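S.K.: Dropping the structure in here first, questions after.
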Amino acid sequence: MTGTPKRTEREYTLHVNGIPRTVVASGQDLLVDVLHEQLDLTGTKLSCGIGSCGACKVVAQKAPGSPKMAMLACYARMDSIEGLHFTTVEGLSGPGEELSPLQREFLECYSFQCGFSTPGFLMAADVLMDQLARGPIPAAQLDNRIRQAISGNVCRCTGYVKYAEAIKKTVLADPRLTCETPGPAEPQRSVVTFRVRKQSSNDLEEKALVGFLDEVDATIRFEEWLRLDTCTAQVSARTRSVRTGEPVRDFNLGKFFFKTIESVDFTLDSVDALDGRYQLDAVPFGTAIPVNIQGRVSALGIRLPVTADAVVTVLEGTSLRIVSRAPVTLDMRDLGFLVDSFAEEFFLRLARTVEITFDLVLEKNEPRGPKVWATVPRSR
């Protein structure tokens with residue numbers, strides 16, 4: 001008879017509510033249990049235990065002052081959170097145990113009944129306020145933004161009106177968090193989008209993990225003026241820019257999935273117009289030209305041949321846009337990605353194939369000559 005696997009414990013240093021705390025735990029132990037049993041921080045509640053209700057939500061940061069992330073303490077294992085800085089509901093109070101403005105509004109608006117889910121709502125709201133401090137929005141957009149912020153929190157008593165009311169009053173009381181008009185739109189950037197099928201241990205059906213990389217460097221050189229059959233190209237998408245809409249998920253992908261993979265690169269072998277009548281030097285600006293692209297994708301020193309259907313458009317003679325018409329499908333294992341171990345680490349069923357699409361925006365690079373086009377820098 002096989003016995004229970006032996007637990008291996010060691011010391012971890014957690015930065016909780018601004019104080020470094022040393023605990024002894026197994027790598028598989030959950031943050032919520034360590035908070036309760038070793039640090040006596042019981043404000044963080046364990047309810048569903050499968051990451052669906054938000055009662056156990058805490059705030060995580062890579063370093064003090066960095067953007068705040070909402071993290072589920074019933075899902076966060078010690079091996080995956082080492083080095084992060086955490087704030088629990090106990091850490092929202094100011095000097096002398098004075099309640100924070102957010103906590104006061106929750107009381108004054110009678111935003112709860114049993115109170116079990118309240119800590120999770122407070123932490124979700126704290127993350128929202130940090131986001132607004134970094135990028136204010138017009139007050140007219142606030143209601144929708146609040147609904148998004150608390151969409152992962154479940155309340156079994158009251159509904160959500162009073163929670164939303166308290167959060168809104170707190171935000172509007174701080175003039176730094178809203179603005180009268182939207183800020184200037186960010187310039188359009190090149191992105192590489194990915195889609196992977198996945199199912200977590202608490203999902204009843206398969207879902208899709210969708211995200212994008214928006215640090216993309218691309219250069220296209222034409223030996224003759226915009227002749228597709230004479231061009232060469234290099235595209236590099238940096239993995240540190242992964243965005244899925246969930247900052248904690250982005251953190252986990254960067255740390256545990258991509259690991260030492262800094263970029264995924266593409267080298268062009270050839271490109272042909274699907275209709276031979278098209279060439280970029282023979283059509284009006286704005287014409288979309290369907291093309292067939294052949295090249296190689298590489299990561300970790302492995303290079304795979306790929307073919308993609310795309311559309312090339314020249315805009316005003318100074319901008320070039322290349323958009324995929326259909327996803328490119330790759331087996332991530334063939335590129336050296338440790339798909340199975342990552343899935344096991346986070347209790348997922350994760351498909352081994354990934355669907356990739358791209359939207360590249362390039363400009364004519366005059367200092368290097370009119371034959372070279374390159375992606376718009378992020379700093380612009």
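The values are calculated or read from the model by the stated rules, or taken from the named source; none is laboratory data. Just so you know, these numbers come straight off a predicted model, no measurement behind them. Reconstructed Cβ throughout: ideal geometry from the backbone, glycine too, with neighbour counts over all protein chains shown. Protein only, heavy atoms only, side chains kept; ligands, DNA and RNA dropped before computing areas. Shrake-Rupley method; radii C 1.70, N 1.55, O 1.52, S 1.80 Å.
S.K.: Return the residue satisfying two criteria in turn: it lies in the stretch 159-178 and is open to solvent by less than 80 Å² (accessible area, probe 1.4 Å) and β-branched (Val, Ile, Thr), and of such residues it is nearest to PRO101 (Cα to Cα).
M.R.: THR170
S.K.: I would also like to ask the following. If you take the residues in the stretch 318-334 that are in a loop (DSSP other than H, G, I, E, B) and touching a residue at least 40 places away in the same chain (Cβ under 8 Å), which one is nearest to GLN188 (Cα to Cα)? If you could, list the steps in order and put the result at the bottom.
M.R.: Pass one, the stretch 318-334, residues in a loop (DSSP other than H, G, I, E, B): 318, 325-327.
Filter again for touching a residue at least 40 places away in the same chain (Cβ under 8 Å), leaving 318, 327.
Details: THR318: 14, PRO327: 21 Å.
Result: THR318.
S.K.: Answer yes or no as to whether ASP309 is open to solvent by 40 Å² or more (accessible area, probe 1.4 Å), acidic (Asp, Glu) and part of a helix (DSSP H, G or I).
M.R.: It is false that ASP309 is open to solvent by 40 Å² or more (accessible area, probe 1.4 Å), acidic (Asp, Glu) and part of a helix (DSSP H, G or I).
S.K.: For the structure I just gave you, tell me whether ASP214 is surrounded by 13 or more Cβ atoms within 10 Å (Cβ to Cβ) and charged (D, E, K, R).
M.R.: Values: surrounded by 13 or more Cβ atoms within 10 Å (Cβ to Cβ): yes; charged (D, E, K, R): yes.
The answer is yes for ASP214.
S.K.: Just for strands (runs of 3 or more DSSP E) wholly inside the stretch 49-146: which have at least 3 residues that are open to solvent by less than 30 Å² (accessible area, probe 1.4 Å)?
M.R.: 57-61
S.K.: Say whether the condition of being closer than 15 Å to VAL264 by Cα, within 23 Å of the chain's Cα centre (by Cα) and not in a strand (DSSP E or B) is met by at least one residue in the stretch 197-217.
M.R.: Yes: one or more hits.
S.K.: Can you name the residue in the stretch 234-259 that is at pLDDT below 90 and more than 10 Å from the chain's Cα centre (by Cα) and, of all such residues, is nearest to ALA60 (Cα to Cα)?
M.R.: This residue is LYS255.
S.K.: Kindly indicate whether any position in the stretch 357-377 is over 27 Å from THR318 (Cα atoms) and at pLDDT 85 or above.
M.R.: no
S.K.: Within the stretch 262-274, restricting attention to residues that are among the aliphatic types (A, V, I, L, M) and not in a loop (DSSP other than H, G, I, E, B), which residue is modelled with the lowest pLDDT?
M.R.: ALA273
Every residue, every condition in (1) within 29 Å of ALA76 (Cβ to Cβ); (2) of a type in the set (A, V, I, L, M, F, W, C); (3) without any contact (Cβ under 8 Å) to a residue 12 or more places away in the chain; (4) open to solvent by less than 30 Å² (accessible area, probe 1.4 Å), yes or no:
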{"site": "GLN148", "(1), (2), (3), (4)": "yes, no, yes, no"}
{"site": "CYS157", "(1), (2), (3), (4)": "yes, yes, no, no"}
{"site": "PRO182", "(1), (2), (3), (4)": "no, no, no, no"}
{"site": "ARG189", "(1), (2), (3), (4)": "no, no, no, no"}
{"site": "ALA218", "(1), (2), (3), (4)": "no, yes, no, yes"}
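S.K.: Right, next: Report yes if some residue within the stretch 16-32 is open to solvent by 30 Å² or more (accessible area, probe 1.4 Å), assigned to a loop (DSSP other than H, G, I, E, B) and among the β-branched types (Val, Ile, Thr); otherwise report no.
M.R.: There is no residue in the stretch 16-32 that is open to solvent by 30 Å² or more (accessible area, probe 1.4 Å), assigned to a loop (DSSP other than H, G, I, E, B) and among the β-branched types (Val, Ile, Thr).
S.K.: Within the stretch 159-180, which residues are free of Cβ contacts under 8 Å to residues at least 40 places away in the same chain and either in contact with a strand residue (DSSP E or B) (Cβ under 8 Å, 6 or more places away or on another chain) or on the phi < 0 side of the Ramachandran plot (or both)?
M.R.: Across the stretch 159-180, the qualifying residues are TYR160, VAL161, ALA164, LYS168, LEU172, PRO175.
S.K.: Follow-up. Kindly list the number of the only condition in (1) within 20 Å of PHE266 (Cβ to Cβ); (2) open to solvent by 50 Å² or more (accessible area, probe 1.4 Å); (3) in contact with an Asp or Glu (Cβ under 8 Å, 6 or more places away or on another chain) that fails for GLU223.
M.R.: GLU223 satisfies all of (1) within 20 Å of PHE266 (Cβ to Cβ); (2) open to solvent by 50 Å² or more (accessible area, probe 1.4 Å); (3) in contact with an Asp or Glu (Cβ under 8 Å, 6 or more places away or on another chain) except (3).
S.K.: Still on this structure, I have one more. Looking at ARG277, ARG296, which is the one that is of a type in the set (D, E, K, R), open to solvent by 30 Å² or more (accessible area, probe 1.4 Å) and at pLDDT 95 or above?
M.R.: On the way: ARG277 fails: at pLDDT 95 or above.
After applying the criteria, what remains is ARG296.
S.K.: Right, something else. Here is a list: PRO377, PRO327. Which entry is surrounded by fewer than 16 Cβ atoms within 10 Å (Cβ to Cβ) and not small (Gly, Ala, Ser)?
M.R.: Step by step, each of PRO377, PRO327 is checked, and only PRO377 is surrounded by fewer than 16 Cβ atoms within 10 Å (Cβ to Cβ) and not small (Gly, Ala, Ser).
S.K.: Yes or no: VAL192 modelled with pLDDT of 95 or more and within 17 Å of the chain's Cα centre (by Cα)?
M.R.: Yes, satisfied.
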